[in-house]
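Novice: Take a look at the following structure, please.
What follows draws every value from the coordinates through simple rules; no lab data is involved. Owing to the predicted nature of the structure, the values given are computational and were not obtained by experimental measurement. Positions of Cβ are backbone-derived with ideal geometry, glycine not excepted, and every protein chain shown enters the neighbour counts.
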Amino acid sequence: MSDEISRDERPHGRPLPGTEGHGTHSVDVLERSSVPRDGQPQEMNRRLFMQLLAFRCPSDTAPRELASALGAALDAAGASAVLYEDVNDPLGLALLSWSEDPTDFVDRVRPVLGMSEFRTLTFRPELTMLGRTYATGYEDRLDFWLLEKPVNNVRNPEWPWAVWYPLRRTGAFARLPGKDQGGILREHAVIGRAYGEAELAYDVRLACHGLDAHDNDFVIGLIGKTLHPLSHVVQTMRKTRQTSEFIEQMGPFFVGRRIWASR
């Protein structure tokens with residue numbers, strides 16, 4: 001299996017211990033995998049947060065030059081990030097940053113964007129995306145899949161193209177029995193596995209429950225060497241039962257090519 005897009009998902013979210021009955025409910029926020037490591041099931045209380053911010057450069061500036069200056073300032077601030085050129089806007093740029101500590105978005109990234117040389121950027125809030133990595137329960141190396149693999153994907157110099165979008169499932173999906181949810185998600189996984197094994201498309205999957213201004217459930221990043229397969233996987237997924245019956249909203253889509261990565 002090449003990537004997260006090729007992994008069998010289980011329905012996101014599981015009953016919290018104690019919620020089946022009455023009385024006091026215990027809350028479990030750990031990420032878990034049922035795949036043993038060193039003879040034990042894996043669990044950890046760590047995950048990666050990733051945020052996409054999009055901007056439009058002034059018409060009298062060169063976006064590449066502004067991106068170069070922004071990248072240098074992000075490096076100086078110690079921010080982990082990549083920058084994209086917006087394919088659909090000749091003056092558009094997007095900043096994808098990540099950290100285990102979400103305060104880095106406000107303590108490292110935000111001060112950079114507040115510098116005088118970047119105040120001319122016009123913020124595009126409709127393209128803001130924020131999410132956190134999560135376990136599906138089948139990870140062979142939980143720490144790698146939650147903390148390293150997403151970064152490897154977005155930083156890989158051979159995979160510069162990216163399509164990012166949020167999505168929201170319908171309430172009807174959440175009401176399905178777990179067995180039915182699993183079958184629907186496996187259909188998605190089989191398709192995704194084929195693209196990953198063919199080295200055509202890789203993904204980053206983030207949960208954004210309560211983190212998204214428009215009440216989306218997930219943020220998806222499709223990453224690859226060329227753009228066409230990323231569009232093709234979206235097209236193919238539309239035929240699945242999950243997308244055709246249980247996705248209430250997808251998008252807006254950001255389509256970009258990476259032009260800078262932090263040190």
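Novice: Mind checking the angle between helix 63-76 and the chain's longest principal axis? C-alpha axes, 0 to 90 degrees, to the nearest 10.
Specialist: The two axes meet at around 70 degrees.
Novice: Taking amide H positions as placed in the peptide plane 1.01 Å from N, state which residues far from Glu139 in sequence (5 or more) or on other chains have amide H under 5 Å from it.
Specialist: Ser34, Val35
Novice: Now for a different question. For a footprinting-style exposure proxy, rank Leu113, Leu142 by other Cβ within 10 Å, fewest first.
Specialist: Details: Leu113 16, Leu142 21.
Ranked by crowding around the Cβ, least crowded first: Leu113, Leu142.
Novice: With each pseudo-label sitting 7 Å past Cα toward Cβ, what's the Glu100-His228 distance in nm, one decimal?
Specialist: 4.2
Novice: Output the Cα-based Rg and Dmax of the chain in Å, rounding Rg to one decimal and Dmax to a whole number.
Specialist: 19.0, 64
Novice: To make sure I understand, if each residue's beta carbon is the centre and we count other beta carbons within 10 Å, what order do Ile259, Ile220 fall in, fewest to most?
Specialist: Numbers: Ile259 16, Ile220 21.
Exposure proxy ranking, most exposed first: Ile259, Ile220.
Novice: Separate question: Return the single residue from Arg186, Arg175, Arg108 with maximal mean-square fluctuation; model: Gaussian network over the chain, springs between Cα atoms under 10 Å.
Specialist: Largest GNM mean-square fluctuation: Arg175.
Novice: If I stretch the segment between His25 and His209 completely, what's the gain in nm (0.36 nm per residue apart, minus their alpha carbon distance), one decimal? If you can, show how the numbers build up before the last one.
Specialist: Details: separation 184, 0.36 × 184 = 66.24 nm, distance 2.04 nm.
Extending this stretch completely gives an extra 64.2 nm.
Novice: Further, regarding this structure: How many nm separate the modelled label positions at Arg64 and Thr122, each set 7 Å beyond the Cα in the direction of the Cβ?
Specialist: That separation, rounded to one decimal, is 2.3 nm.
Novice: Moving on to the next point. Whole Å is fine, so just give me how far the alpha carbon centre of the stretch 93-164 lies from that of the stretch 213-263.
Specialist: A separation of 15 Å, based on Cα centres.
Novice: Could you list Ser34, Ser262, Ser116 in order of exposure, starting from the residue whose Cβ has the fewest other Cβ atoms within 10 Å? Each step should come with its number before you reach the end.
Specialist: Details: Ser34 12, Ser262 16, Ser116 6.
Ordered from fewest to most neighbouring Cβ atoms within 10 Å, Ser34, Ser262, Ser116 come out as Ser116, Ser34, Ser262.
Novice: So how tilted is helix 178-197 from the main axis of the chain? Cα-based, degrees 0 to 90, rounded to 10.
Specialist: The angle comes out at about 40 degrees.
Novice: Grab the DSSP H runs of the chain that are 4 residues or longer, score each as -39,500 (n - 2.57), total them, divide by all residues and round the 222 nm result to the nearest 500 deg cm²/dmol. Don't skip to the end; give the middle numbers.
Specialist: Values: 7 runs with 66 residues, N = 263.
Computed mean residue ellipticity for the chain: -7000 deg cm²/dmol.
Novice: Where q = 0.13, 0.29 Å⁻¹, what log10 of I(q)/I(0) comes from the Debye formula for the stretch 121-168, counting one point per Cα?
Specialist: -0.45, -1.12
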